[in-house]
Each structure stands twice: as C-alpha cells, then as structure tokens.
Amino acid sequence: MRRNAKIGIGWILAFCTISILSSPARGDTTATEKPLHVLVVAVASDQLSLDVTGASSTACDLNAICNVMHLIVTDNVVKDQLKQLRKGDHIQIVYSTETKTPADIKNTDASHAPEAQGKDNSKDAKDSKDPKSKDSKSKDSKNSSDAKESTEATVRYVLKAWCVDSMPPPPLSRAWVLIASAGVCLLLTLIFSGFRPTQLVIGEDNRYSNSRFQMALWFFVLTATYIATLWLRVWWAGWDFIGGVDIPKNLLLLSGMSALTFGGAKGITASKSATPGATVPKTRAATPNFFLDLTHNDGVPAAPAQPAVDARAAVGEQPAVAARAAVSAQPAVSPQFDFGDFQMVVITLIAVATYIVLIFNFFGTVEYSKVVTLPDVDTTLLAAFGLGQGAYLTKKAVGNVGTS
C-alpha cells in the first residue's frame, strides 16, 4: 500500500516538474508595495503608455538611463482612464516590474500574429530543401541567439492603477475663500455701478425685475465660484495650476437659460409697449419694493372718467346725432400675488443654494491636475429651472404689458 502511494506521489512530482520545464518562460513580475508620487511628462495618443518623472531621486533610481520612467498599459480600464491625464499632472501610481527576454517578447508577438507564423513556416520549408545550409546555419545561429537571449533581458514597468494627488483644505479655509471671492465680486459691482448695485436688478419701470434678478444672482454665484476655485488651486497647488477650470454641460445650459430668459422678457415687454392700443400702458412705480415686485404683478393704476364724445362733432360734421357713451372712472387695482413670478424666484434660490453647497464640498479636495471640472447640477434641478423660465416667459407673452 505504502509502495503504491510512493509511486503515485513520484509520478505527480515528475509530471509537475516536466510541466514547469516545458512551459515557456513568462518573465519575472514584481509589484510595488506603496504608491509612487510622480509627475506626468507625456501620455501616448493611443493611451497605451505614458512617461512620468518624480519630484525626488526615487524615480531616477527606477530607471538607470534617465529620470524619466516609461510605463506601459495592458489593462483596458486603466487605458480608458488615461484620457483624463494631462502633461504636468501630479499622480500616484501602482506599477509592476516585469523582466522579459527577447524570446518572451517574440513568443508573445507570435501568438498575436498568425500571419507572421505562416511566413516563418514558409521560410522554414524553403530552408528544409537545402539541408546543407540548414545544418551549417542552425548550430551557429542557435548558439548566438541563446547567448543574446540570456544576456539581453529587458525590464518593463506596467501601470496597474493611478489616482491624482490631492490636498484636503480645512473647512474654515474653504469658507473664507468663498466669502472673500464673493467680496471681490461685490467690490467690482460697486465700482462699475457707481456704488448703486441695485441698478442691475431694477428695471426701467423702477421695479425689481425677475429676469434681471435671477440673471444677476446666478452670474454673481458663477463668478465668485470661479474666482474661489482659482484662488484655492493657486494657494494649495501652486501657480502651475492656475486656470484650467472647465464648466460642465448642465451648468452651462442652466447659465444659458438664465441669459435667454432676461433677453426674452425684455424683448416681449418692449414689443408690447410699442404696440398701439395697449389696454394698460406700462407705469413707473414710485419706489421699488423687493419682495412685492418679485412675487406680485404690477397691478392696475386708477383710470379717470371719460366724458361722452359726439362722434360727428369729432370729425366736424353738424348736427351731432351720435355720441359715444361716457366711461366711468376705474379704481386702482393693487398688485396681486403672481404664481409665475413666485415659482421663478423659488427655483432660482433653490438652484443657487444647492450649487453653493456643491461648491463647498467640491473644495474639500484640491487636485494637482492641470484641468478640473466644476461640479454639475443634476437633471432634476435643470428641468425645474427650465420649466420655471418657460412659464415666466409664457406669462409675459400672453399677459398685459402693464400687469405682467
């Protein structure tokens, strides 16, 4: 029984040994234990390789030729992620070191190139017709190739994963940067408006305009956000990272709708005011009222009584036989709460408050990346904003110029 067991174990060991010896050499692979902080020098257009260098002498030790380290990419996920990299980005990498001989590379290339194999087979077939040349060359070529393959082993660095270096500013610093950026915007507004910033949101009728208010508020938030982003990147990452702030798609659409609403509302009002026979003309308010003007319509001013007019006498004909009935005086109608104006103000305030929170969280990490993208608004907020602007313009178009 024991003899049979020993024989079986011996056969298993022999089989494993033969399998290992007969398998082609795959090269030694060693993975790094800790991430390495490097600077991106160049990224290949096909995202199959990139060159990096280190801020310290660590990267120089990795490559004996120079301080630039060439990394190849074999994973498709990592390859797709390389599209985000730009020259000058600071990243952390995890890589593996592979030692391969020319024979390994040749076998790998041959396995992916069946046409090349066919050509080699045809070449061998030709050589077989001339046995003298085959025998004379095979010994010398075999000895020389074995010597080269044993000495010309190459080392490749394979990128396994990477992430952008970042720095987490404290919450107090983020808050002060936002407040200071808003102060810069306010100072510029005061200077260019002659210290009368309310002119930006008060219309020609001496009332606060909804379209002016939402456009000025949103522009103020975007400008302050951009200044704060630049300030924070320069403060924590350095002057090399100034600029490179992109605006996402939904945020761009929301800003465009804000400007479009302002232009559309102004065009509708001007067109209706110039139309002869407007039922109620546009009146000028005595004093602007912030909450009343933004959430109520303009109301209807009092109309004096109109006396009876002889139609024939009006055109110089005698005697008068027909007269137009007198129009009695119309009392003034106070401004009424308008849902179209109210919902526009509410949606604008919600969008601004939500985006300020997003920006504050976005400033939680300052990335050492040449290009960053501002946080985007969600599609629900974008749709609500668009519906609010559309309802407001519709109300302006179908309503009376003096009350809407």
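Pairs, please: C-beta under 7 Å, at least 6 apart or cross-chain, first residue of a type in the set (Asp, Glu) and in the range 189-205, second modelled with pLDDT under 90? Partner pairs satisfying both residue conditions: 205/282; 205/283; 205/284; 205/285.
Can you pull out the residues in the range 59-83 that are surrounded by 13 or more Cβ atoms within 10 Å (Cβ to Cβ), polar (S, T, N, Q) and modelled with pLDDT of 90 or more? So that I can check it myself, show each step before the final result.
Quick first cut of the range 59-83, residues surrounded by 13 or more Cβ atoms within 10 Å (Cβ to Cβ) only: 59-60, 62-63, 67-74, 78-79, 81-82.
Still in the list and also polar (S, T, N, Q): 63, 67, 74, 81.
Hits for the range 59-83 are 74, 81.
When the residues of the range 328-363 are filtered to those that are polar (S, T, N, Q) and surrounded by 16 or more Cβ atoms within 10 Å (Cβ to Cβ), which remaining residue is nearest to the chain's Cα centre (by Cα)? Working first, answer last.
Going residue by residue through the range 328-363, those that are polar (S, T, N, Q) are 328, 330, 334, 336, 343, 348, 354, 361.
Now restrict to residues that are surrounded by 16 or more Cβ atoms within 10 Å (Cβ to Cβ): 343, 348.
Details: 343: 28, 348: 22 Å.
Among residues in the range 328-363 that are polar (S, T, N, Q) and surrounded by 16 or more Cβ atoms within 10 Å (Cβ to Cβ), the one nearest to the chain's Cα centre (by Cα) is 348.
Identify, please: which residue in the range 154-175 is of a type outside the set (S, T, N, Q) and more than 14 Å from residue 365 (Cα to Cα) and is, among those, nearest to the chain's Cα centre (by Cα)? Please lay out each step first, then the result.
Just the residues of the range 154-175 that are of a type outside the set (S, T, N, Q), to begin with: 155-165, 167-172, 174-175.
When the remaining residues are screened for being more than 14 Å from residue 365 (Cα to Cα), the result is 155-162.
Working: 155: 38, 156: 34, 157: 31, 158: 29, 159: 26, 160: 25, 161: 22, 162: 20 Å.
Top of the filtered list is 162.
Of all residues in the range 208-232, how many are of a type in the set (Gly, Ala, Ser), in a helix (DSSP H, G or I) and closer than 18 Å to residue 390 by Cβ? Walk me through it before giving the result.
Residues of the range 208-232 that are of a type in the set (Gly, Ala, Ser), as a first pass: 209, 211, 216, 224, 228.
Now restrict to residues that are in a helix (DSSP H, G or I): 211, 216, 224, 228.
After this cut, where a residue has to be closer than 18 Å to residue 390 by Cβ as well, the list is 211.
Counting residues in the range 208-232 that are of a type in the set (Gly, Ala, Ser), in a helix (DSSP H, G or I) and closer than 18 Å to residue 390 by Cβ gives 1.
The values are calculated or read from the model by the stated rules, or taken from the named source; none is laboratory data. These figures come from a predicted structure and were not determined experimentally. Every residue, glycine as well, gets a Cβ built from its backbone with ideal geometry; the counts of neighbours run over all protein chains shown.
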